Each structure stands twice: as C-alpha cells, then as structure tokens.
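Colleague: Right, I'll just put the structure down here and ask away after.
The values are calculated or read from the model by the stated rules, or taken from the named source; none is laboratory data. Owing to the predicted nature of the structure, the values given are computational and were not obtained by experimental measurement. Methodologically, a virtual Cβ is constructed for each residue, glycine included, from the backbone with ideal geometry; neighbour enumeration extends over all protein chains shown. SASA here: full protein model, heavy atoms, side chains in, ligands and nucleic acids out. Shrake-Rupley method; radii C 1.70, N 1.55, O 1.52, S 1.80 Å.
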Amino acid sequence: MNYTNYKVVAVDDNSTDNSMQAYAYYIYKYFPKLIGRTAFITNELSIGAFNNKDSAIKENCESDDIVVDFDLDDMLVGRQVLKIMNAVYQ
C-alpha cells in the first residue's frame, strides 16, 4: 500500500538556476500522479530562505500538518519513507 496523505509545496524564491522548471518537468514526465498534489509557487521577489519557507507553510499547510523541508535538489529515497514518517509521528 502506498502512502497517500501528503501534498507537495514547491516554492521558488526567484532563483535564477531554473530549478523550479526542472522540477516541474521531472514531475510531469516521470510522476504525473504528483501533479494534483503539488502546488507550484514562484515568488516575484527574493525574500530569503527562511521567509520563503515560512510563507509557503503559512499559506499552504494546516496547523496540524507535518512538514518535511527539503530543497529541490534533495530527494526522499525509497517507496516507504512517507509511510515510516507517518508511523513515527502517530
């Protein structure tokens, strides 16, 4: 059974490295099931890493959500990682 109680919030802090476009391409090409679960947010101004994440969490997450923070060039490896995290936080 795959874990299904999650959403992805991808935030670009006005970067110039095209990481958001690369991430979106990767999702659309290889993981189309994530399309409906992913919010793509692009900031018009660079507000700094902390403010970028803080704003994204406040605008896209509920107060009881568990947030896993990683950069677009990071990866969660393995099919069971979210299932394990869910068990830990229960």
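Colleague: Return the calculated 222 nm mean residue ellipticity for the chain, to the nearest 500 deg cm²/dmol, obtained by summing -39500 (n - 2.57) across DSSP H runs with n ≥ 4 and dividing by the residue count.
Modeller: -11000 deg cm²/dmol
Colleague: While we're here: What does the convex hull of the Cα atoms come to per residue for the stretch 5-52, in Å³?
Modeller: Dividing the Cα hull volume of the stretch 5-52 by its residues yields 74 Å³.
Colleague: Carbon and sulfur atoms: what percent of the 1.4 Å accessible area of the stretch 1-63 do they account for?
Modeller: Roughly 53 percent of what the probe reaches on the stretch 1-63 is carbon or sulfur.
Colleague: Ok, one more. Return the loop-located chymotrypsin sites (Phe, Trp or Tyr not before Pro) in the stretch 1-67 (DSSP other than H, G, I, E, B) with at most 15 other Cβ atoms within 10 Å of their own Cβ; answer none if there are none. Numbers along the way, then the final one.
Modeller: Numbers: sites: Tyr3, Tyr6, Tyr23, Tyr25, Tyr26, Tyr28, Tyr30, Phe40, Phe50; in loops: Tyr3, Tyr6.
Qualifying residues, ordered by number: Tyr3, Tyr6.
Colleague: Oh, and also: Between the DSSP loop rule and a limit of at most 14 other Cβ atoms within 10 Å, which GluC sites (Glu not before Pro) in the chain are left? Don't skip to the answer; put the middle values down first.
Modeller: Numbers: sites: Glu44, Glu59, Glu62; in loops: Glu44, Glu62.
Taking the chain and a limit of 14 other Cβ atoms within 10 Å, the loop GluC sites (Glu not before Pro) found are Glu44, Glu62.
Colleague: Looking at the chain as a GNM with Cα springs under 10 Å, which of Ser46, Ser63, Ser19 has the largest mean-square fluctuation?
Modeller: Among Ser46, Ser63, Ser19, the largest mean-square fluctuation in the Gaussian network model of the chain belongs to Ser63.
Colleague: For Cα extents along the principal axes in Å, the choices are (i) 39, 32, 21; (ii) 34, 32, 22; (iii) 42, 30, 24; which was calculated from the structure?
Modeller: Recomputing Cα extents along the principal axes in Å here gives the entry labelled (i).
Colleague: Longest exposed-loop-site-free stretch of the chain, with trypsin sites (Lys or Arg not before Pro), DSSP loop and at most 16 other Cβ within 10 Å?
Modeller: Result for the longest clean stretch: 8-78.
Colleague: Under a 10 Å cutoff between Cα atoms, tell me which one of Val67, Val11, Val77 has the largest fluctuation in the Gaussian network model of the chain.
Modeller: Among Val67, Val11, Val77, the largest GNM mean-square fluctuation belongs to Val77.
Colleague: On average, how much accessible surface per residue is there in the chain, in Å², for a 1.4 Å probe, leaving out ligands, DNA and RNA?
Modeller: Result: 80 Å² per residue.
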